[in-house]
Structure formats: structure tokens, C-alpha cells
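Working notes for the structure below.
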Amino acid sequence: MFGWEFPPHITGGLGTACFGMTKGLLKHGVEVLFVVPKAYGDESQEAVRLINASDVTVKMQEPAFMEYWNKITFMEIGSNLIPYLDPEEFEKAVEEDLRTTEEKVNPVFAERFSFSGKYGHDLMAEVSRYALVGAALAAEQHFDVIHAHDWLTYPAGVAAKRVSGKPLVVHMHATEFDRSGENINKNVYDIERNGMEEADRVITVSNLTRNIVIERYGIAPDKVFTVHNAVEPVEKGELADCEKHVKEKVVTFLGRITFQKGPEYFIEAAKKVLDRDPNVRFVMAGTGDLMEKMIRRAARLKIASKFHFTGFLKGENVDRMFAMSDVYVMPSVSEPFGISPLEAMRSNVPVVISKQSGVAEVLKHVLKVDFWDIDAMADAIYSLLHYNALTTMFRKLGTEEVNSLKWETAAGLIADVYEQVYQK
Amino acid sequence: MRSICLYFQVHQPFRLRTYRFFDIGADHYYYDDYQNKHIVRRIAEKCYLPANEILLSLFREYGNDFRVAFSITGTSLEQFKKYTPEVIESFRKLAKTGNVEFLAETYSHSLAAFNNETEFRRQVEQHARTIGKLFGVKPVTFRNTELIYSNDIADMVYKLGYHTMLTEGARQVLGWKSPNFLYNSRNHPGLNLLLRNYQLSDDIAFRFSQKTWSEWPLTTEKYLNWLNAIDKDQKVVNIFLDYETFGEHQKAESGIFSFLKALPGTVLKSGKWNFHTPSQISELLDPVASLDVPYTISWADEERDVTAWLGNDLQDEAFETLYSVSDIMAECDDEGLLRDWNYLQGSDHFYYMCTKWFSDGAVHQYFNPYSTPYEAFINYMNVVSDFLIRVREYEEARSAGGHTVAKQKPDVARPLKEKTGKKEATSVTAVPERTAKTKPDKLTDKKAVTRRKAAR
């Protein structure tokens, strides 16, 4: 299995999903060799054997690699194309770029390569190099199926398939259209499409994503299967009761503040709610390229005293944020799946989600609105704050529902997909 | 000769418009006129008008040998008046034949029986007045919303002077007993009960067009065979249906209208069966046993209980919130408030909040304008929040004595009243009684009006 990250070193939902998935697969008798660009040594290896791509020696002289290498084009990219990048990294990347441009030799061709493991600078170089590692590993490891997560690892998956002849399953957690709207990065799109074309099966995290894969990438529908994500159950007591220090009810947005997540709709809905009921506080947790714009918008609407920005939260602070929240809102414009509402529900927080999210396909006990329908969104928030029966119902039925979305079940479906292509 | 009792339910709720929380306090109109008009017109065209036409021709053909009963809710009648007056006319034609019995029920197809006897009585009386005015008859048989019944409800119905009532032949009540007899209430032997034969009723209502059903297609001959197969001692078969079965739930293409046209002929030709209305059956037969129904039953879903309307947190909160003002509304004489009070009590609003749709989904979804029970609840609560504000304002104004009689407008039943000078006189005598209660004069006047209205 080729991934890009693994807990606890995660920047997005992908690592968490991979972790849950591999644990689930183990219960179905599937052993996983998990390859990450950069291992830190403290990753959980309870369900996988982790392989650090930075430790893999690639002998460039070997003809198989050269042959593969000749087929893929090295793609130089500007840092503005980098997905999933937080501002600090962005700045660092740009600085570094300026410093190193002149003396850059092509590091991809070194015997060893130090992956940053981040969604950062020189991403394409890393992706390409990772593909070589994939080929090298395919030659020396024993396995039956190759499973690659998201476009970053597709070249590696394809290379491994070429070298080993084993079937390839690629997993679409997000498409380029989800990340960038209509202004897609053509290189990324090509890697995605090529990966899916080469693959024997494509797994998508929702029917929403499945439709995009079929319609916008032209992939044959009969090889595309939806397996909805799940969440890991929480140990009792793990959710610490947090003291809320404000008396008002708290409504939370948590995620990257980017176009894809629809933060502006959250602000507009907040304004409508605050106009009627000033005893509410809104929190926008996270960071992203639209953050400054959002701060300006909140100020302009004169709700800044009730609308708070926390910056990037992770780990315990995320749990604390949920514990303080009375309503969680995920107004995503396009969300292939969206795991955060499940985490909120697991913390007993009722949620409002956009209909344009994959998770809306599996959840019943939530309020679903169109991301653009700020009236409906405001109405949903207001109702959760004022009509107690809703919260009571959601706490009761929502928790049950989220607990039934187990990785073990989802992994069973993935194992079925493996079974279809497994060569005995 | 044995009896077949055909009864058709006609009901249309006032569906609510999308009402956001920021409308609360700002906009007091709650109804989706476009949708209501559209739906009522569609169903009138597909069901009410053609089905009435068929019944009329059947009455002409078979005379007094063919009879049916109708229960038409007040909210349906109001919508017919507004959007399809021809439907009222066509029911009037049926009424004139004398072969139709009109049943009594709550005006707005409400669940008032669960909460409030005063309100229940007010609604039943308002409905009876409306039926009297439109069709010139006084209902003598009662049927409660969705055939909901229990010992407690029997008490209220009996006290209102009814001696015949319809309910479901629910298995949990009947056990081994057959629904094909006349029963009576355990608490009130004077209240006869007709029980719906759900097997034979649902064969028409639900299964008629199901091609996967082993008995499809259903013919009147086959149906007659089933009737004839019933033990000879069992004297009455109660076929109770939503009237929308004809042409709406079962589409015209399914042959449902031909079935309706042919049924009386097939049945009467056999010489073994007659058609009778509920009150006739109540006269003709003697009750064979008393039914004890401590737990409420209805004609809905597999469970035949009331969980489609009440019982989950959403439904209970909505219900309690609305009825929190029932005391004020009992004294209210503001026509606008009374109208909304009626419409908002419609059981349909609570039905939309049902979370059972996971199992009984198909039926529930069909009747539901909302995509989830949560949306239904939110919208309803927003509306009720506004309604409560208005009721409280009204109450404050009334306590302050600022609410004047001048605001009152005649209600629907008024013209009928004014013809009966005798009752007007009663209301005049009411004034001194009220004055004795040492309340401000204006209030007294207003109360007098209330009283006069109540006397109707």
C-alpha cells in the first residue's frame, strides 16, 4: 500500500483513513506493507509493516528503472500549484526555492533521496522519486495486490505494477476538481487519470467522487467502486470533558479555510443567526489561503466580536474544540467524503453538513443543506440552538449511527475489491 | 343478507411554506399556497371528480341498494372552496342522493384527542357545523383522525353524543376475534364500534396495482369470492379507505376506476350482500362483545399504533409546544389566530417528523413534502414560534383590556347562525352573566362574542 502519511504525522485526513483502513483489513486477513515517503519511527505499526521510502536504495543503473523513468516525464512545478499547503510551509518553500534554484542538480537521480513527506515544495520531484521507490520495492517484496492512495502515490503504484505484474487498485480520496474547483492543475489531473486508467480497480470514497471519476476522467464505470470511509471508535473516557468558558452557545467550523471548504457561507450564515440571536459565538478553526479574506469579511459584517478564528488546531485541541461546541458545521462546496462531521458526532455534537459532501450519502441523523443556501444553513444552526428535541435526537441516534460506520466493515468491501483482481 | 360498509376518508392538510427563523415575528403567513393549490387541483382532477362521478352514476343505477360513507376534513373543505369549488359541488350532488352518510371528525384532522378534551370538542363541533352547512346533514357517526381509538377517546366521543364510531380492526386488540362484527366500547356500551377489515381494505388500498402480488390483477369477482369465503355468522365487512386510493394512490391506468364501477353490481348480483352506512349497521346489528382498548390504536403502519405521529422527541416537543397555548386558544376569538390554530394542529405536520421511515419508508415518503423529519421539525417549530408570539401578544392585549371587539370578523359558519334568531337571543342573555364576573366592560363584550360563537 502506497500512502503519503501515517499517524501521528498527519496534515490531512488521508493518514487517519489509511490507519483505520489497514487495521480493518487486518481483521479480514489482509496483511499490509505500508510505504510512506518519510517515516519518523513513532508510527503505529500494530496493523502494518511500515516501509520508509527514504531508506530505500534505488539503483538507477538497473534497466527496469531506466525504462520506467523514460516513460514518466519529470514535471517541474511552481509552488503555487502545491495542494494541502499551509502558509508557513508555503513561505518556507518559496524562500528555499529562491535559495536553491541556481545550484539545483536533479536530486531524483541520487541513490538515496530524502523525502520531506510533506505536501510541500518540489512535490512533483518527490512524487516522481517515490515512483522509483515503488518500482524498487516491487522488485524485492512479496505481495498480491498494490493499493495506492491519491495521486501522489499513483506513479509509484503504476511503477510497481509494471515491475511486478501484480494488480493495481487506486483509491480516490479527493480529485483535483475537489481541491481546485474548475482551475485544475493539468499535471495533477493527468497523473490521476493515468493512474486510474492503469489501475485494475478504482475505489472512490463516495458516489459523488465516483461520478466525478466517471464523468470528468472518463474512467469505465464497471471498474469504479464506492467504499465510504469510516471512523475509529473512541475509547471511553478519551473524550475529556472540557470546561466551556463562555456562556453563549458555540457553533464551529473546523477545516482548511480554502475555497473547497466553503468558509464564506459559514460566515454569511453566522451573520443571519447573530442578527436574531446575539447569544451565540462562532468559531472558525483552521487556516488556509482564504483566512485573511474571511477575517476581513467578519469585520465588515460587524460580527467580529462574536466570530473567532483559532488558527490551525490539531490532536487534543481538536477534541477540545468539539467538546466546547454546540453545533458543528461543514459547509463544503465539494467534499469527496469529509470525516470531520463523524468526529463531531462521536463527540456528541450535532452537525450541519452540505449536501455536496460524500459523507451526506451515509448519514441520516444530521441536517443537510446546499452549501450555497445560507438561509437554510442559518435556519439549521438556529434550530439546533433553540429546539432542544433536535439535539436530543441527534445525540441519541447520531452517536449510534456514527458508531455503526466501522472501518472493519469498509475494509471488508475493500477486501472484496482485492478479491476481484487477485491472481491465484 | 350481510352488509358491506364502504367508508372513504378525504383529507388535505394546509402544507407549510419554507419558513425560516428570521421570518419569526416578521411574517405571519405560514402556508405554501402554490403547493396546496397544485396538489389539491391535481388530486381533484385525478381522484375526487372522476370518483364522485362514478359514485353518482352508481347511485342512479342501484338506488338505495348502494350506499357509502364519507368523512371530509374541514381543512380539505376549505381548500376545495379556495381552489376547486367544483369538488364541493360534486359532493353536494352526492349528498342530495341521500345515499351518503357524512361522518364527524376533528376539523383539521388533528391529534387533539390526546391532549385536550376542550379543544377536541371544539374541533368536532366546528366540523359538524361545517358539514351541516355544506351538505345539510348532521353527522351521527364519529371517526377520529387516522381511526385513532382508545378507552379514553371513547369517553370523549360518547360524551359528545355519538353512538357509533369507526376504528381499526387492530390485531393487538382483537386477538382471535374477527373485525366482521359490530362491537361496543367497554366503558360505554352505548357506543357501537365498527372495525376496519384491514386485509380486504388494503387489498384495494395498497395491493391493487402491485404486479408482484400473487392475486394481481384483482377483479370484482375474485373480491366477491373472498367476501363469500367469510364465515356466514360474520355480518359486516368494513372496507375503510382513503378516498385518494381511487386515481391517486392507485392510478387510473391500474384499472381502479373500473373496479369501483363494477364492484356494487358484482356484489349485489350475488344476492348475499347489501351496502350499508355505519349508522345503518349500528341500527341493524347488535354488538357481539365489548372492546377494552387501554392502549391507543390507529390504522397506520404495521404496528397499527400512533408512533407515526407522536412518540419521538421531535414530535413530542412540537406537540407540547403547540398545545402550551391551548388554554388561551380556548378563549380566543381572533379569527386569524383560530385559523392558524386549526391548521397547525393537523396531524400531518407530526407525521412528517416521524423517524420510522427506515422501515415503513415507502408509504411515509410518499406523503411527505420534506426530505427528512428534521427539516419538517425545524420548519414547523419556526412557524409555531411565530404563532406563540402572536398568541402571547393577543393574550397580553386582552389582559390589558386593549383588545377590541371591532377586530372580530365573522367566521365561516356565521351566515347560518344569523338565520337562527333564537340562538342570537341566547347570546344576548349571556352578557349579564359575564358582567357578574367583575371584568372590564370591553372584555365582557368580547367574551360575549366568544360565547355566542360557542353557542353555534
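Exactly one of (1) under 26 Å from the mean Cα position of the chain (by Cα); (2) exposed (fewer than 14 other Cβ atoms within 10 Å of the Cβ); (3) hydrophobic (A, V, I, L, M, F, W, C) is unmet by residue B:213. Its number?
(1)
Can you tell me which of (1) at pLDDT 95 or above; (2) of a type outside the set (Asp, Glu); (3) crowded, with 18+ Cβ neighbours inside 10 Å; (4) over 19 Å from residue B:3 (Cα atoms) is the one residue B:170 doesn't meet?
Of the numbered conditions (1) at pLDDT 95 or above; (2) of a type outside the set (Asp, Glu); (3) crowded, with 18+ Cβ neighbours inside 10 Å; (4) over 19 Å from residue B:3 (Cα atoms), the odd one out for residue B:170 is (1).
Which one is farthest from the other protein chains (Cβ to nearest Cβ), of the residues in the stretch B:359-380 that are closer than 16 Å to residue A:397 by Cβ and modelled with pLDDT under 55?
B:359
In the stretch A:318-375, what residues are within 14 Å of chain B (Cβ to nearest Cβ), more than 19 Å from the chain's Cα centre (by Cα) and assigned to a helix (DSSP H, G or I)?
Scanning the stretch A:318-375 gives A:374, A:375.
Restricting attention to the stretch B:128-152, report how many residues are open to solvent by less than 10 Å² (accessible area, probe 1.4 Å) and not hydroxyl-bearing (Ser, Thr, Tyr).
Here the count works out to 7.
Hey, does the stretch B:61-68 have a residue that's open to solvent by 50 Å² or more (accessible area, probe 1.4 Å), within 14 Å of chain A (Cβ to nearest Cβ) and of a type in the set (S, T, N, Q)?
Within the stretch B:61-68, not a single residue is open to solvent by 50 Å² or more (accessible area, probe 1.4 Å), within 14 Å of chain A (Cβ to nearest Cβ) and of a type in the set (S, T, N, Q).
Just one of B:282, B:290 is farther than 17 Å from residue B:206 by Cα, buried (at least 21 other Cβ atoms within 10 Å of the Cβ) and modelled with pLDDT of 95 or more; which is it?
Selected residue: B:282, the only one of B:282, B:290 that is farther than 17 Å from residue B:206 by Cα, buried (at least 21 other Cβ atoms within 10 Å of the Cβ) and modelled with pLDDT of 95 or more.
Consider residue A:285 against the criteria (1) more than 14 Å from chain B (Cβ to nearest Cβ); (2) part of a helix (DSSP H, G or I); (3) surrounded by 20 or more Cβ atoms within 10 Å (Cβ to Cβ): it satisfies all of them except one. Which criterion is unmet?
Just one mismatch for residue A:285, condition (2).
Condition first: of a type outside the set (Lys, Arg), more than 12 Å from residue B:55 (Cα to Cα) and open to solvent by 20 Å² or more (accessible area, probe 1.4 Å). Now tell me which residues in the stretch B:79-100 satisfy that.
Within the stretch B:79-100, B:83, B:85, B:86, B:89, B:98 qualify.
Residue A:320 - would you say it is open to solvent by 40 Å² or more (accessible area, probe 1.4 Å), closer than 20 Å to residue A:16 by Cβ and of a type outside the set (Phe, Trp, Tyr)?
So residue A:320 passes the test.
Residue B:201 is checked against (1) assigned to a loop (DSSP other than H, G, I, E, B); (2) of a type in the set (S, T, N, Q); (3) open to solvent by less than 10 Å² (accessible area, probe 1.4 Å) and fails just one. What number does that condition carry?
Of everything listed in (1) assigned to a loop (DSSP other than H, G, I, E, B); (2) of a type in the set (S, T, N, Q); (3) open to solvent by less than 10 Å² (accessible area, probe 1.4 Å), residue B:201 misses just condition (1).
If you scan the stretch B:238-257, which residues turn out to be at pLDDT 95 or above and of a type in the set (Asp, Glu)?
Result: B:242, B:244, B:253.
Identify the residue in the stretch A:376-387 that is open to solvent by 10 Å² or more (accessible area, probe 1.4 Å) and more than 7 Å from chain B (Cβ to nearest Cβ) and, among all such residues, is nearest to residue A:248 (Cα to Cα).
Ranking the qualifying residues of the stretch A:376-387, first place goes to A:385.
Taking residue A:256, is it in a helix (DSSP H, G or I) and open to solvent by 10 Å² or more (accessible area, probe 1.4 Å)?
When the stated conditions are applied, residue A:256 does not pass them.
State whether the residues of the stretch A:300-308 include one that is away from chain B (no Cβ under 14 Å), open to solvent by 40 Å² or more (accessible area, probe 1.4 Å), outside any helix (DSSP H, G or I) and farther than 21 Å from residue A:376 by Cβ.
yes
Within the stretch B:1-36, count every residue that is under 23 Å from the mean Cα position of the chain (by Cα) and in a strand (DSSP E or B).
Residues meeting the conditions: 9.
Would you be able to tell me the number of residues in the stretch B:293-335 that are open to solvent by 30 Å² or more (accessible area, probe 1.4 Å), away from every other protein chain (no Cβ under 14 Å), not in a loop (DSSP other than H, G, I, E, B) and not aliphatic (A, V, I, L, M)?
Adding up the residues that qualify gives 2.
The values are calculated or read from the model by the stated rules, or taken from the named source; none is laboratory data. What you see is a predicted model; the values in this text were computed from it and never measured. Note: ideal-geometry Cβ built from the backbone for every residue, glycine included; neighbour counts use all protein chains shown. Ligands, DNA and RNA are stripped out before the accessible areas are found, and what is left, the full protein with its side chains, is counted by its heavy atoms. Shrake-Rupley method; radii C 1.70, N 1.55, O 1.52, S 1.80 Å.
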